[in-house]
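The values are calculated or read from the model by the stated rules, or taken from the named source; none is laboratory data. These numbers come from a predicted model, not from an experiment. Glycine gets a Cβ as well: all are built from the backbone with ideal geometry, and neighbour counts include every protein chain shown.
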Amino acid sequence: MEMNQYLEIFLEESTEHLQAINDQLLKLEDHPEDIALIVEIFRSAHTLKGMAATMGYTDIADLTHEMENVLDLLRNEKIAVTTNVIDVILQSLESLEEMVASIREGGDGKKDVSALVDLLTRLEKGNAGEEHLKPVAIDGLAQVSQYEQTVISQSKSQGFETYQISVTIDKGCVLRGVRAFMVFEALENLGDIIKTVPDGEAIENEQFESGFHVLLISKEKEEEIKQQLLKISEIEDVQIAPFETNQEDVDQSREASGIDIYENEPDTKPAPAANQAASKTIRVNIERIDQLMNLFEELIIDRGRLEDISARRKDTELNETVEKMVRVSSDLQNLILKMRMVPVEQVFNRFPRMVRGLAKDLNKEIRLDIIGAETELDRTVIDEIGDPLVHLIRNSIDHGIESPEVREQNGKKPEGNVTLRAYQSGNHVFIEIEDDGAGINREAIIKKAVEKGIIAAEQAENLTDNQVNQLIFSSGFSTAEHISDISGRGVGLDVVKNKIELLGGTISTESKPGKGTLFSIKLPLTLSILSAMLVKVEDETYAVPLSSILETVTIHKSQVMKAHGQEVIDYRDKVIPLVMLSKVLNVPPAIEKKTKKDIYSILVVKKGSQMTALAVDSFIGKREIVLKSLGDYIKNVFAISGATILGDGNIALILDTNDLIK
């Protein structure tokens, strides 16, 4: 993924977080007992660390990581807020500001922060004084950092030993990355890994020959560590020895490091240059936008009432004023809604690299196609939808896509295909994950569900395919034969379903054996104001979102035909279903009997490429309406997504046309 496009956002947000840390630190010095201030500083440091690590600025990430450790001890009251602590964190903040300023000016953001990291580590242990800290250089497994040297030294004083371990993997091993993972898992049960050669990412991607090296801190004996590693299959040899360090000339190291902030001298270094270019954007708390939206909703309701009053009074000046108010408020509405909407691309961009890694781990050939990444969703939904999509994609790759050999035996291309698709339909956004794998095995699902006690054996025969597909979302359900780091632990799809339902959405599954599986997520746009067509059905008024309407037409009763027992019409040389809303919604007959007409008023609505005609009694006209939830006591009502208050004070239900499309 290209990081340059996110550089401006990184600089903007990092500057904001650094300023927040500075402000809260100054307050903390005056109110050292205020834990809330420490929590705010911790949150900013944590966010900055994550952003820096993602962008590849390791020095910033390393320094903020150690700041986090100190702040965590402060908020848990394990160490006290002292002047010394504030000084060290402020010195760290100055270095962070220098590194961010370097990046802004086109630099690489690198800085030797080893001495700062060491001092922060000593704060964690409660033995940091004001004395000068001398950098140390180490020879051995590799050139270790100041932080790693400090950890080694402190561990030794507490009875731990540091071992240099060389692991050789059998040359015939197919999944070397998996074997390396098993070695790391075993070592983590014996102690703490502080360094690997090559680095962790290279080992994960199998970018090593026959073996790799590890620095381990442990209280276990050498022989015990060696025996545990040799128990892992396809591990050919393990060499282990104590790790020895050599201290270089201190003055030479200190000169090379370029760090002199620990001398007991007045600080004469100039402050980092301020950002000369003013930011073109500002960040606003989402709660403020929510408040703005709530106020605007009330304005829209009153605007609708003014339109009704103006239509009845037929006053020229009032009409002109209302028309101008409509134009201005419409522009304001568009601005408010756009502030909340962001493209799903921000979430989708994380998946290509993930799919590539999974395919390599599973020895599968996978192509990921992303369609509709420009589709926009509310920011609050975007923030929450990432993890469910990760679970679904991993599920498709692990359970859905077959191995290349099996695919070729079944007459398929060896390369499997996963499609991630997003599109808007009405006031909902649909996100689909589709694969061309083996599909859902009905018998295997039922067998596992009976074993887990999710269903009784006698129920199995009567379940429809859709009901069987929904069983995979049951808690603790998994068909994996072996537990791995990808699947088999019985957590995943039940979490996905719960998360999506919390967002007000639904998830459905379609599968064809041997052809593949489609997961479809329907999410609300959470746009509380939308353009709609008001229609009359008997004595009831309904609102239909304009975004789902293709066309409004009138047809003669004689144009209605029947196909397979379903009423249909010919729409632009296409036969589409006709739905009589009065019948589907069970609308009671009008109090005053109406003369039966031979003309139908039709709304042609769409969902993706599917179309359906909805028959109503009459059209009232276009309105801007405020979408209101039906509340917690009225949930999952068929074909109804909410309600709105009309200008005359009456209530109109808002139709979810996606449920009506056949």
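Assorted remarks:
- In the set (1) touching a residue at least 40 places away in the same chain (Cβ under 8 Å); (2) at negative phi; (3) in contact with a helix residue (DSSP H, G or I) (Cβ under 7 Å, 6 or more places away or on another chain), Ala80 fails one condition alone, (3).
- In the stretch 421-432, the residues that are over 14 Å from Phe348 (Cα atoms) form Cβ pairs under 6 Å with partners that are among the small types (Gly, Ala, Ser), at six or more places apart or across chains, as follows: Gly426/Ser547; Gly426/Ser548.
- Spans of strands (runs of 3 or more DSSP E) in the stretch 560-662 with at least 1 residues β-branched (Val, Ile, Thr): 566-571, 574-580, 599-607, 610-616, 618-626, 640-645, 651-655
Conditions (1) surrounded by 14 or more Cβ atoms within 10 Å (Cβ to Cβ); (2) in contact with a Leu (Cβ under 6 Å, 6 or more places away or on another chain); (3) without any contact (Cβ under 8 Å) to a residue 60 or more places away in the chain, marked per residue:
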{"residue": "Glu148", "(1), (2), (3)": "yes, no, no"}
{"residue": "Ser157", "(1), (2), (3)": "no, no, yes"}
{"residue": "Tyr163", "(1), (2), (3)": "yes, yes, no"}
{"residue": "Ile169", "(1), (2), (3)": "yes, no, no"}
{"residue": "Glu185", "(1), (2), (3)": "no, no, yes"}
{"residue": "Glu188", "(1), (2), (3)": "no, no, yes"}
{"residue": "Asp192", "(1), (2), (3)": "yes, no, yes"}
{"residue": "Gly200", "(1), (2), (3)": "no, no, yes"}
{"residue": "Leu216", "(1), (2), (3)": "yes, yes, yes"}
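- Test for Leu578: is it farther than 23 Å from Leu389 by Cβ, buried (at least 19 other Cβ atoms within 10 Å of the Cβ), modelled with pLDDT under 90 and not basic (Lys, Arg): no
- Top-ranked residue in the stretch 626-662 [being of a type in the set (Lys, Arg) and touching a Ser or Thr at 6+ places or on another chain (Cβ under 8 Å); ranked as farthest from Ile336 (Cα to Cα)]: Lys662
- Counted residues, the stretch 1-57 - those being among the aliphatic types (A, V, I, L, M), part of a helix (DSSP H, G or I) and closer than 18 Å to Glu105 by Cα: 6
- You will find that of Asp331, Asp383, Asp378, the residue that is modelled with pLDDT under 90, surrounded by fewer than 16 Cβ atoms within 10 Å (Cβ to Cβ), within 18 Å of the chain's Cα centre (by Cα) and not assigned by TED's automatic domain parsing to the domain that holds Asp656 is Asp383 and no other.
- Residue match in the stretch 530-553 (condition: hydroxyl-bearing (Ser, Thr, Tyr), in contact with a helix residue (DSSP H, G or I) (Cβ under 8 Å, 6 or more places away or on another chain), in the same structural domain as Ser618 (by TED's automatic domain parsing) and at pLDDT 85 or above): yes
- Among the residues of the stretch 164-198, those identified as in a loop (DSSP other than H, G, I, E, B) and not β-branched (Val, Ile, Thr) are Asp170, Lys171, Gly172, Cys173, Leu175, Asn189, Leu190, Pro198.
- Residue check for Leu337: touching a residue at least 12 places away in the same chain (Cβ under 8 Å), more than 26 Å from Glu206 (Cα to Cα) and not assigned by TED's automatic domain parsing to the domain that holds Ala438: yes
- Every residue from the stretch 334-350 that is more than 30 Å from Glu297 (Cα to Cα) and surrounded by fewer than 19 Cβ atoms within 10 Å (Cβ to Cβ): Asn349, Arg350
- When Glu222 is tested against (1) at pLDDT 50 or above; (2) under 42 Å from the mean Cα position of the chain (by Cα), just one condition goes unmet, and that condition is (2).
- Thr64 being under 17 Å from Ala101 (Cβ atoms), assigned to a helix (DSSP H, G or I) and free of Cβ contacts under 8 Å to residues at least 40 places away in the same chain: yes
- Any hit, the stretch 633-654, residues being at pLDDT below 85, more than 26 Å from Tyr423 (Cβ to Cβ) and among the hydroxyl-bearing types (Ser, Thr, Tyr): yes
- Residue count for the stretch 417-464, restricted to those that are surrounded by 14 or more Cβ atoms within 10 Å (Cβ to Cβ), at negative phi and either part of a loop (DSSP other than H, G, I, E, B) or modelled with pLDDT under 90 (or both): 22
- For the stretch 515-533, filtering for residues that are of a type in the set (A, V, I, L, M, F, W, C) and part of a loop (DSSP other than H, G, I, E, B) leaves 2.
- Looking only at the stretch 534-558, residues that are surrounded by 12 or more Cβ atoms within 10 Å (Cβ to Cβ), at negative phi, over 39 Å from the mean Cα position of the chain (by Cα) and outside any strand (DSSP E or B) come to 1 in all.
- Residues of the stretch 596-632 that turn out to be over 27 Å from Gln566 (Cβ atoms) and modelled with pLDDT under 85, as a count: 10
- Count of the stretch 376-416 residues which are free of Cβ contacts under 8 Å to residues at least 60 places away in the same chain and assigned to a loop (DSSP other than H, G, I, E, B): 7
- Residue among Ala359, Ala373 that alone is assigned to a loop (DSSP other than H, G, I, E, B), of a type outside the set (Asp, Glu) and assigned by TED's automatic domain parsing to the domain that holds Ala438: Ala373
The rows are residues; the columns are (1) at pLDDT below 80; (2) of a type outside the set (Gly, Ala, Ser); (3) assigned by TED's automatic domain parsing to the domain that holds His17; (4) over 27 Å from Asp34 (Cβ atoms).
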{"position": "Lys49", "(1), (2), (3), (4)": "no, yes, yes, no"}
{"position": "Ile60", "(1), (2), (3), (4)": "no, yes, yes, no"}
{"position": "Thr64", "(1), (2), (3), (4)": "no, yes, yes, no"}
{"position": "Glu68", "(1), (2), (3), (4)": "no, yes, yes, no"}
{"position": "Asp72", "(1), (2), (3), (4)": "no, yes, yes, no"}
{"position": "Ile86", "(1), (2), (3), (4)": "no, yes, yes, no"}
{"position": "Ser102", "(1), (2), (3), (4)": "no, no, yes, yes"}
{"position": "Lys111", "(1), (2), (3), (4)": "no, yes, yes, yes"}
{"position": "Val117", "(1), (2), (3), (4)": "no, yes, yes, no"}
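- Flag for Ala639 being in contact with a helix residue (DSSP H, G or I) (Cβ under 7 Å, 6 or more places away or on another chain), on the phi > 0 side of the Ramachandran plot and of a type in the set (A, V, I, L, M, F, W, C): yes
- Only one of Pro414, Pro404 that is at pLDDT 90 or above, in contact with a Gly (Cβ under 9 Å, 6 or more places away or on another chain) and surrounded by fewer than 18 Cβ atoms within 10 Å (Cβ to Cβ): Pro404
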